[in-house]
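The values are calculated or read from the model by the stated rules, or taken from the named source; none is laboratory data. Every value quoted in this text rests on a predicted model; they were computed, and no experiment measured them. Ideal geometry is used to build each Cβ from the backbone, glycine not excepted, and the neighbour counts take in all protein chains shown.
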Amino acid sequence: MKFSVQWLREWVNPPLNTHELASQLTMAGLEVEAVDNYCTGLNRVVVSRVAGITNHPSEPALRICSLLAGDHIFSVVSGAPEIRSGACYALALPGAVLPGGNRISSSEIKGQVSEGMLCSGAELGLNEDSECLLELDQDANVGVSLEEYLCLEDEIIELSLTPNRGDCLGILGIAREVGVLNRMQINPPALRETAPELTDSRAVELEVPAACPRYLGRVIRGIDIQRKTPDWIIERLRRSGLRCINIVVDLTNYILLELGQPMHAFDHSLLTGGICVRLAREGERLELLDGQDCRLATNTLVITDASGPIAMAGIMGGQKTAVSMATTDIFLESAYFSPDAIQGRSRQYNLHTDSSHRYERGVDFTLQQIAMNRATELILNYCGGKAGPVTHACETEHLPSRKPIRLRASRLEQVLGTRINPEKCTEILNSLKMFVIADPAGWQVRPPPFRFDINIEVDLIEEIARINSYEAIPSTGIPANLRITQSSSKLEFKQIKQVLVSHGYQEAISYSFIDGTVQNLFSSAVSSIRLSNPISSELGEMRQSLWPGLLMALAHNIKRQQSRVRLFEVGRIFKMNPNLEQRLVIAGISYGNIYPKQLDKNNISSNFYDMKTDLEAIIAAFIPTNELQYKQSTHQALHPGRSAEIFINNQYIGSIGSIHPGILKQLGIPSDVYAFELELLNLPAIRPIKYVKISKYPSIRRDLAVVLDEGINYENIAKCVQNQASDLLENLELFDVYQGEGIDIGKKSLALGLTFQGTSSTLTDGMVEELLDKVLSALNTEFGATLRE
């Protein structure tokens with residue numbers, strides 16, 4: 001919505017400059033998108049009247065005009081064919097500089113002196129679309145500067161209105177807001193009701209009153225449409241971004257900008273019979289004013305006469321009954337169309353007009369008579385003619401209901417966080433044209449007919465806050481009753497996912513249905529669940545593991561030249577044991593190199609220990625990873641020598657290992673894939689975080705290499721070492737496993753890194769050696785381990 005600040009100040013003139021006014025509007029919720037100067041710098045451009053015209057003696061296309069400007073007559077040579085004797089035009093005198101940089105001087109044209117130049121609207125920067133001379137009103141004050149005559153020292157404010165503030169799509173609504181914000185009354189133009197001088201009228205029928213509950217029509221005969229639109233109206237339309245068409249259309253557009261009420265004028269002589277507002281019928285067509293020939297849908301509200309549709313209600317008129325330069329009689333329309341009847345039609349027909357923009361947001365349903373009176377007055381004043389009576393068709397029960405809203409004082413204070421004087425609240429609500437009944441506990445409020453956005457209690461609270469000023473709300477701390485509570489017993493899934501993402505995994509989502517043939521590669525057919533009505537034969541069973549879906553996604557990526565893939569999925573698996581079980585699990589797979597290609601990284605392929613590191617990064621949120629128990633796995637989908645089942649306190653929580661080579665071959669996967677799968681609901685509660693003072697004493701590391709039977713699990717070795725080393729053992733690390741030359745067959749060498757650190761004193765070498773002796777003695781006693789030489 002663009003408007004002239006001068007125009008607004010005729011309605012309400014607060015003691016603010018334009019930029020202060022713009023800031024006030026923005027803070028009140030009417031965002032100002034731009035403030036621009038309209039047109040300044042037209043010095044030495046004046047109003048002139050043509051006193052005489054003679055032909056150029058040597059150039060037929062040119063004429064010599066005698067122009068009266070003040071007390072002086074100027075001789076100007078012009079080639080404009082539209083110049084008329086007695087008409088008024090803008091004259092640029094010598095010394096004038098036009099917006100395009102053109103400097104005017106007295107010059108000789110084909111042997112004749114020209115003391116200036118007659119200007120078009122485009123040359124003056126007023127109307128880029130017009131190459132014709134800027135013609136002014138016949139009664140213009142000749143000799144005065146054009147800036148003074150057209151009040152060009154103006155500023156234009158452009159509002160970016162939200163859809164709920166359709167009431168501010170007119171000067172009336174904006175003035176109302178400015179008046180409330182500045183505690184001022186508005187001064188609208190005086191309106192008078194025009195008494196009919198004719199008896200001519202047309203019957204109006206409302207066939208769909210829910211869509212159009214009110215329609216006013218009026219016949220005006222004997223207008224002179226050839227008359228020029230007054231300069232002051234042209235300027236207000238221009239400054240609001242509308243172009244002039246003819247005087248009747250210009251005046252209805254002016255009402256649209258002034259009051260926010262769309263209107264339409266039909267050529268009365270082209271209408272047949274009465275007016276009916278109804279929905280379009282199957283097969284009906286309408287040629288619109290823009291030349292578009294529309295096939296009307298049956299959900300489209302139309303204005304019709306006896307011949308059929310003549311306008312698309314609230315959007316655009318039809319070409320068949322359009323006002324033209326030959327029109328002498330008009331039928332003037334002022335109606336209320338409900339937003340529901342207009343919303344969506346603009347998009348449906350790819351039309352967006354100023355009328356539809358307003359009707360979609362809601363127009364004041366009490367405004368139609370006021371707009372009719374204002375339009376009649378302007379048309380009779382500037383076009384002549386005589387008016388008939390107003391035909392008023394109204395179905396009152398279908399007009400919008402403005403139900404009262406209860407506003408509680410306690411709720412107002414609770415939402416705003418501050419108390420506003422109740423009398424001030426009543427004053428604000430009354431100034432917004434609401435009907436207010438106050439009581440000790442609050443207010444009963446009925447919104448005005450132009451505020452479709454006020455429906456519930458918080459809407460009223462917002463109105464009080466913005467009119468009272470958001471800046472008046474004090475900045476205070478939020479009161480809160482805080483207490484430390486027990487932390488959540490389960491790690492949120494998104495945190496688990498984030499751990500894996502940080503390790504280079506990407507989340508996948510696969511079907512819960514799977515091909516039975518593929519499923520049998522991973523799990524027993526006995527516990528499978530077949531679908532009675534599968535989507536397809538390849539999706540006939542419920543999955544018993546997430547691995548098949550992840551591996552098929554991997555195979556798909558390998559075919560597209562992906563050499564490094566890490567995927568994970570969180571989802572449910574389904575088994576019959578003997579009843580239906582649904583288990584929530586997380587699974588991951590790793591294929592290719594551990595790291596993306598980098599200059600400082602060797603191309604190391606994924607392996608069991610890499611996958612184990614990723615798995616333990618998840619487990620670490622629940623328990624220390626040294627409490628995990630790994631046991632040899634018999635899972636049919638895993639390599640028997642490179643897999644393990646995972647336990648916590650002897651409870652199974654999942655599996656890890658290399659996918660069986662036979663499965664990889666059937667799926668077309670060329671090299672090793674490592675995978676894990678955890679049952680999330682079997683994980684223990686998260687242990688509360690304990691903070692321990694960091695030791696300020698140095699640590700001591702000792703490395704041991706022990707030789708023992710290859711069948712002994714490292715898990716048992718780690719427990720034995722931890723039991724003997726007591727609390728002084730800060731960290732235990734297995735950093736090498738070796739079998740080969742120098743190690744007997746059936747034996748293996750484990751290299752252990754033990755880090756010791758005291759919390760109350762510095763450890764001596766003697767103390768550490770004593771602990772190592774205890775560790776070696778226990779390992780020898782329990783497992784027959786010996787120190788590798």
**Prompt:** With respect to Glu258, is the statement that it is farther than 22 Å from Leu216 by Cβ and outside any loop (DSSP other than H, G, I, E, B) true?
**Reply:** no
**Message:** Which count do you get for residues in segment 385-404 that are of a type in the set (D, E, K, R) and within 36 Å of the chain's Cα centre (by Cα)?
**Reply:** 2
**Request:** Could you tell me which residue of segment 672-684 is modelled with the highest pLDDT, considering only residues that are under 17 Å from Ile586 (Cα atoms) and assigned to a loop (DSSP other than H, G, I, E, B)?
**Result:** Leu683
**Message:** Suppose the filter is of a type in the set (A, V, I, L, M), in contact (Cβ under 8 Å) with a residue 24 or more places away in the chain and part of a helix (DSSP H, G or I); does Val277 pass it?
**Reply:** no
**Request:** Output the residues belonging to segment 756-783 that are small (Gly, Ala, Ser), assigned to a loop (DSSP other than H, G, I, E, B) and surrounded by 13 or more Cβ atoms within 10 Å (Cβ to Cβ).
**Result:** Gly758
**Asked** Would you pick out the residues in segment 726-750 that are surrounded by fewer than 13 Cβ atoms within 10 Å (Cβ to Cβ) and of a type in the set (A, V, I, L, M, F, W, C)?
**Response** Phe735, Val737, Ile745
**Asked** Can you find a residue in segment 585-596 that is surrounded by 14 or more Cβ atoms within 10 Å (Cβ to Cβ), of a type in the set (S, T, N, Q) and in contact with a Leu (Cβ under 9 Å, 6 or more places away or on another chain)?
**Response** yes
**Prompt:** Which is aliphatic (A, V, I, L, M) and modelled with pLDDT under 95, of Ala297, Ala311?
**Reply:** Ala297
**Item:** Among (1) under 15 Å from Tyr697 (Cα atoms); (2) under 60 Å from the mean Cα position of the chain (by Cα); (3) surrounded by fewer than 17 Cβ atoms within 10 Å (Cβ to Cβ); (4) at pLDDT 90 or above, the one test that Gly753 misses
**Value:** (1)
**Asked** Picking from Gln544, Gln582, Gln562, Gln519, which residue would you name as being touching a Pro at 6+ places or on another chain (Cβ under 7 Å) and either surrounded by 19 or more Cβ atoms within 10 Å (Cβ to Cβ) or not in a helix (DSSP H, G or I) (or both)?
**Response** Gln519
**Prompt:** Conditions: (1) touching a residue at least 60 places away in the same chain (Cβ under 8 Å); (2) closer than 30 Å to Asn182 by Cβ; (3) not aliphatic (A, V, I, L, M). Arg49 meets all but one. Number of the miss?
**Reply:** (2)
**Message:** Could you tell me how many of the residues in segment 393-414 are surrounded by 15 or more Cβ atoms within 10 Å (Cβ to Cβ), farther than 30 Å from Arg466 by Cα and in contact with a Lys or Arg (Cβ under 8 Å, 6 or more places away or on another chain)?
**Reply:** 2
**Asked** Mind checking which pairs have a first residue in segment 61-79 that is farther than 21 Å from Glu148 by Cβ and a second that is at pLDDT 90 or above and aromatic (Phe, Trp, Tyr), Cβ under 8 Å, 6 or more apart or different chains?
**Response** Ser66/Phe74
**Asked** If the Cβ limit is 6 Å and pairs must be 6+ apart or interchain, which residue in segment 286-314 that is in contact (Cβ under 8 Å) with a residue 60 or more places away in the chain and more than 21 Å from Ala203 (Cβ to Cβ) pairs with which residue that is polar (S, T, N, Q) and surrounded by fewer than 22 Cβ atoms within 10 Å (Cβ to Cβ)?
**Response** none
**Request:** State whether one or more residues within segment 499-516 are surrounded by 14 or more Cβ atoms within 10 Å (Cβ to Cβ), farther than 24 Å from His556 by Cα and touching a residue at least 60 places away in the same chain (Cβ under 8 Å).
**Result:** yes
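Looking at segment 58-101 only, could you name the residues that are assigned to a strand (DSSP E or B), farther than 17 Å from Asp139 by Cα and of a type outside the set (D, E, K, R)? Full working, then the answer.
Taking segment 58-101 first, the residues assigned to a strand (DSSP E or B) are 63-69, 72-78, 88-92, 97.
Still in the running and farther than 17 Å from Asp139 by Cα: 63-66, 72-78, 92, 97.
Those that are assigned to a strand (DSSP E or B), farther than 17 Å from Asp139 by Cα and of a type outside the set (D, E, K, R): Ile64, Cys65, Ser66, His72, Ile73, Phe74, Ser75, Val76, Val77, Ser78, Ala92, Val97.
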**Request:** Identify all residues within segment 318-334 that are closer than 21 Å to Glu284 by Cβ and out of contact with any Pro (no Cβ under 8 Å at 6 or more places or on another chain); write none if there are none.
**Result:** Gln319, Lys320, Thr321, Ala322, Phe331, Glu333
**Prompt:** Do any strands (runs of 3 or more DSSP E) lying entirely in segment 609-659 carry at least 3 residues that are surrounded by 20 or more Cβ atoms within 10 Å (Cβ to Cβ) and assigned by TED's automatic domain parsing to the domain that holds Val673, and which ones are they?
**Reply:** 638-648, 651-659
**Request:** Among the candidates Gly385, Gly417, Gly362, single out the residue that is on the phi > 0 side of the Ramachandran plot, exposed (fewer than 15 other Cβ atoms within 10 Å of the Cβ) and not aliphatic (A, V, I, L, M).
**Result:** Gly417
**Prompt:** Given the conditions (1) surrounded by 18 or more Cβ atoms within 10 Å (Cβ to Cβ); (2) in a loop (DSSP other than H, G, I, E, B); (3) modelled with pLDDT of 95 or more, which single one is not true for Ala175?
**Reply:** (2)
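Taking the stated definitions as given, is Glu715 surrounded by 13 or more Cβ atoms within 10 Å (Cβ to Cβ) and within 45 Å of the chain's Cα centre (by Cα)?
Considered against the rule, which asks whether it is surrounded by 13 or more Cβ atoms within 10 Å (Cβ to Cβ) and within 45 Å of the chain's Cα centre (by Cα), Glu715 comes out as no.
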**Request:** Identify, by number, the condition in (1) surrounded by fewer than 16 Cβ atoms within 10 Å (Cβ to Cβ); (2) in contact (Cβ under 8 Å) with a residue 12 or more places away in the chain that Asp137 doesn't meet.
**Result:** (1)
**Message:** Residues that are touching a residue at least 40 places away in the same chain (Cβ under 8 Å): list the strands (runs of 3 or more DSSP E) wholly contained in segment 400-482 that include at least 3 such residues.
**Reply:** 405-408, 442-446
**Message:** Out of the residues in segment 104-117 meeting the condition of being surrounded by 17 or more Cβ atoms within 10 Å (Cβ to Cβ) and under 16 Å from Asn55 (Cα atoms), tell me which one is modelled with the highest pLDDT.
**Reply:** Ser114
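Which of the residues spanning segment 1-40 are in a loop (DSSP other than H, G, I, E, B), touching a Lys or Arg at 6+ places or on another chain (Cβ under 8 Å) and of a type outside the set (Ser, Thr, Tyr)?
Our first condition is that a residue be in a loop (DSSP other than H, G, I, E, B); within segment 1-40, this holds for 1, 12-17, 28-31, 38-40.
From what is left, the residues that are touching a Lys or Arg at 6+ places or on another chain (Cβ under 8 Å) are 28-30, 38.
Answer for segment 1-40, where residues must be in a loop (DSSP other than H, G, I, E, B), touching a Lys or Arg at 6+ places or on another chain (Cβ under 8 Å) and of a type outside the set (Ser, Thr, Tyr): Ala28, Gly29, Leu30.
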**Message:** Within segment 41-55, take every residue that is assigned to a loop (DSSP other than H, G, I, E, B) and surrounded by fewer than 20 Cβ atoms within 10 Å (Cβ to Cβ) and give me the one that is farthest from the chain's Cα centre (by Cα).
**Reply:** Arg44
**Top-ranked residue in segment 257-270 [being buried (at least 21 other Cβ atoms within 10 Å of the Cβ) and aliphatic (A, V, I, L, M); ranked as nearest to Ala335 (Cα to Cα)]** = Met263
**Fill in**
Flagged in segment 688-709 as of a type in the set (Lys, Arg), closer than 15 Å to Gln757 by Cα and assigned to a loop (DSSP other than H, G, I, E, B), in numbering order, are Lys693, Lys696
